[in-house]
Amino acid sequence: MPIHAHQTLGASAAASASPAIKLNQYGVPFNVGFGIYTAGAGDATVHVEHCFDLEATAATVWFDHVDVSGAVTVSASSPIDGNYAYPVTHVRMELTAVSGTPTTHFIVLQTGV
């Protein structure tokens, strides 16, 4: 089943993570794309994480996406995107810092049958 999720985090959510988005790890092919951008004044420092647990809990170990890890800064004029070609069970965006008052958008799309 295809997945389309769009989450937002406000400036007051700095140093927090978006809710985990459950993916269909059994989809063939497993294709997931994501994009992050901000709206409003300022920019945000983010990274994207994934896990392999069937259910995301407080005990879940999160792994950084290889291309969107550490201190990646996004803004309205400088969005970022990435993808997953191999199965993971959940993804989320971690908002580590905010400059100004932007709203940060995290969009995830997964194909599937």
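Residue by residue through the stretch 35-46, what is 3J(HN,Hα) from phi via Karplus (6.51 cos²θ - 1.76 cosθ + 1.60, θ = phi - 60°)? Round to whole Hz and write x for glycine and proline.
Computed from phi, the couplings for the stretch 35-46 are x, 9, 8, 10, 10, x, 7, x, 9, 9, 9, 9 Hz.
Based on Cβ point charges of +1 for Lys and Arg and -1 for Asp and Glu, what charge dipole magnitude is obtained for the chain about its Cα centre, in debye rounded to the nearest 20? Working shown, then result.
Details: 2 positive and 8 negative charges, 40 e Å.
Approximately 200 debye in magnitude.
Over all alpha-carbon pairs of the stretch 9-55, lay out the pair-distance distribution in 10 Å bins, whole %, shortest bin first.
17, 46, 26, 10, 0
Rg(Cα) of the chain divided by 2.2 N^0.38 Å?
Numbers: Rg = 13.6 Å, N = 113, 2.2 N^0.38 = 13.3 Å.
Against the empirical 2.2 N^0.38 Å value, I get 1.02 for the chain.
Which whole-Hz ³J(HN,Hα) couplings does the stretch 66-75 yield from phi under the Karplus relation 6.51 cos²θ - 1.76 cosθ + 1.60, θ = phi - 60°, glycine and proline marked x?
For the stretch 66-75, the Karplus curve yields 4, 9, 10, 10, x, 9, 9, 9, 10, 8 Hz.
Read-outs: derived from the displayed coordinates by stated rules, not from any lab. Computed from a prediction, not measured in an experiment: that's the story for all the values here. Heads up, the Cβs are rebuilt from the backbone with ideal geometry, glycines too, and the neighbour counts pull from every protein chain shown.
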